[in-house]
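One structure is given here, and the rest of the page talks about it.
What follows is calculated from the coordinates using simple rules that are stated; it is not laboratory data. The structure presented is a predicted model; accordingly, all values stated were derived computationally and were not measured. Glycine gets a Cβ as well: all are built from the backbone with ideal geometry, and neighbour counts include every protein chain shown.
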Ligand code: FO1
């Protein structure tokens with residue numbers, strides 16, 4: 001059995017961590033959102049790639065879900081004392097990742113090659129790909145008419161601005177990273193992790209060759225909205241501000257035409273019928289990944305459900 005998972009952020013990382021406990025890790029390919037990537041202190045930072053890799057390597061912070069465990073903050077404290085930006089929390093260990101990634105990119109390595117090398121060093125056996133080697137940057141359009149770079153919206157402004165849309169700069173020229181189309185072609189089914197549909201899964205699906213390859217496959221998604229609220233992050237707030245009621249049903253509508261199955265939480269059982277009316281098969285279970293066992297159980301159930309999709 002070979003599977004491909006589209007992921008971004010903490011929810012996506014937890015799900016892929018469950019998946020590699022169910023299938024042999026080598027049979028799992030993960031395509032990670034890089035629309036959140038940005039530069040700080042002259043360094044290239046890829047938060048979703050790092051969140052997925054740190055989680056798979058068992059070195060992620062359990063408190064935040066992003067960054068490293070047993071972290072210290074000396075470099076950032078020093079930089080801010082000298083007048084540098086302090087809004088993005090780069091820890092000392094994490095800083096080492098950004099330094100070495102930036103060095104390799106500057107010497108001409110692709111982001112795919114750097115990610116492969118880091119996975120090898122961290123003992124990660126699954127195949128982790130950035131969605132593209134060309135730069136795509138997510139911007140959040142806000143009600144006052146301006147557009148904010150994703151991390152300014154998410155971290156610096158704590159998701160406070162009212163959202164009116166999204167832009168993925170560079171998306172027209174972007175091609176999938178080498179290896180992605182092959183992995184999709186060879187897989188038995190594709191899963192959209194319980195990541196933000198607008199800013200985590202959205203940029204990946206906006207890359208035309210990826211979206212096109214996926215149409216030939218069975219696809220299941222897991223709703224990141226549970227009981228009208230996002231498990232983590234601003235997904236529910238984004239739906240609300242865009243005039244859409246945040247619900248598992250809205251996730252079904254969002255992915256309609258791309259997925260055959262949607263996994264929803266038991267709290268949303270009453271929405272199953274409406275989801276089915278969209279031509280999407282619902283599967284109801286406990287989707288909250290509160291610990292490692294819950295991640296593994298959810299991944300196992302999602303895989304059994306995906307395999308049976310028409
Ligand atoms: N998220 C925050 O909310 N605040 C931070 O200071 C922060 C620092 C950070 C450092 C490294 C890293 O890999 C991720 C970090 N994140 C932080 C998370 C990240 O910005 C977002 O979770 C994703 O971009 C959204 O998927």
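Counting only alpha carbon atoms, the long axis of helix 47-57 and the longest principal axis of the chain meet at about 80°. Among 55, 134, sorting on how many other beta-carbon atoms sit within 10 Å of each Cβ, with the fewest leading, yields 134, 55.
With N as its number of residues, the range 11-89 has a Cα radius of gyration that, divided by 2.2 N^0.38 Å, comes to 1.29.
When DSSP beta bridges are restricted to pairs lying wholly in the chain, around 40% turn out antiparallel. Considering only 209, 144, 133, the mean-square fluctuation computed in a Gaussian network model of the chain, springs between alpha carbons under 10 angstrom, is largest for 144.
Once Rh is set to the Kirkwood radius over Cα pairs, what Stokes-Einstein translational diffusion coefficient, in µm²/s, holds for the range 219-277 at a temperature of 20 °C and a viscosity of 1.002 mPa s?
Details: Rh = 11.4 Å.
Translational D for this selection: 188 µm²/s.
Hey, for a label at residue 144 modelled as a point 7 Å past Cα toward Cβ, could you say which residues of the range 158-174 have their backbone N under 12 Å away? Zone members listed by number: 161-162. Computing FRET efficiency as 1/(1 + (r/R0)^6) for residue 188 and residue 270, where r is the C-beta to C-beta distance and R0 is 35 Å, gives about 0.65. Translational diffusion of the chain, estimated by Stokes-Einstein from the Kirkwood radius over alpha carbon pairs at 25 °C in a medium of 0.890 mPa s, is 125 µm² per second. Using the Cβ-Cβ distance between residue 2 and residue 232 with R0 = 22 Å, the FRET efficiency computed as 1/(1 + (r/R0)^6) comes to roughly 0.20. What whole-number distance in Å separates the alpha-carbon centres of the range 150-221 and the range 66-99? Here the answer is 28 Å between Cα centres.
With neighbour counts taken as other beta-carbon atoms within 10 Å, the residues 28, 155 rank, fewest first, as 155, 28.
Calculated on the Cα set of the range 192-306, radius of gyration then Dmax: 13.4, 36 Å. The Cα-based radius of gyration and maximum Cα-Cα distance (Dmax) for the range 57-96 are 10.8, 34 Å. Compute the long axis of helix 111-121 from its Cα atoms, compare it with the longest principal axis of the Cα atoms of the chain, and write down the angle in degrees, 0 to 90, nearest 10. So the inclination is approximately 90 degrees.
Note on residue 62 and residue 308: with the Förster distance fixed at 45 Å, the Cβ-Cβ geometry gives a FRET efficiency of about 0.85. The distance between label points at residue 162 and residue 253 comes to 2.0 nm (points 7 Å beyond Cα on the Cα→Cβ vector).
Extending 7 Å from the Cα toward the beta-carbon at both residue 21 and residue 77 defines two label points whose distance is 3.4 nm. For the Cα atoms of the chain, what angle does the longest principal axis make with the long axis of helix 292-307, in degrees from 0 to 90, nearest 10? Around 50 degrees separate the two axes. Across q = 0.13, 0.18, 0.24, 0.29 Å⁻¹, the range 95-143 modelled as identical point scatterers on its alpha-carbon atoms has Debye log10 I(q)/I(0) values of -0.38, -0.64, -0.95, -1.17, in the order of the q list. Largest GNM mean-square fluctuation among 63, 276, 39, using the chain with Cα springs under 10 Å: 63. Taking every alpha-carbon pair within the range 116-191, the share separated by more than 20 Å comes to 53 percent. Any chance you could run the full-extension gain for residue 286 through residue 169? It's 0.36 nm times the residue separation minus the Cα-Cα distance, nm to one decimal. Gain on extension, residue 286 to residue 169, equals 38.5 nm.
Helix-only estimate, please: 222 nm mean residue ellipticity of the chain, summing -39500 (n - 2.57) across DSSP H runs of length 4 or more and dividing by its residues, to the nearest 500.
Working: 12 runs with 111 residues, N = 310.
Result for the chain, helices only: -10000 deg cm²/dmol.
Out of every Cα-Cα pair that the range 72-209 contains, those further apart than 25 angstrom amount to 42 percent. Panel order for 135, 297, by other beta carbons found within 10 Å of each beta carbon, from fewest to most: 135, 297. Taking 257, 35, 228 as the candidate residues, the one with maximal mean-square fluctuation in a Gaussian network model of the chain, Cα springs under 10 Å, is 257.
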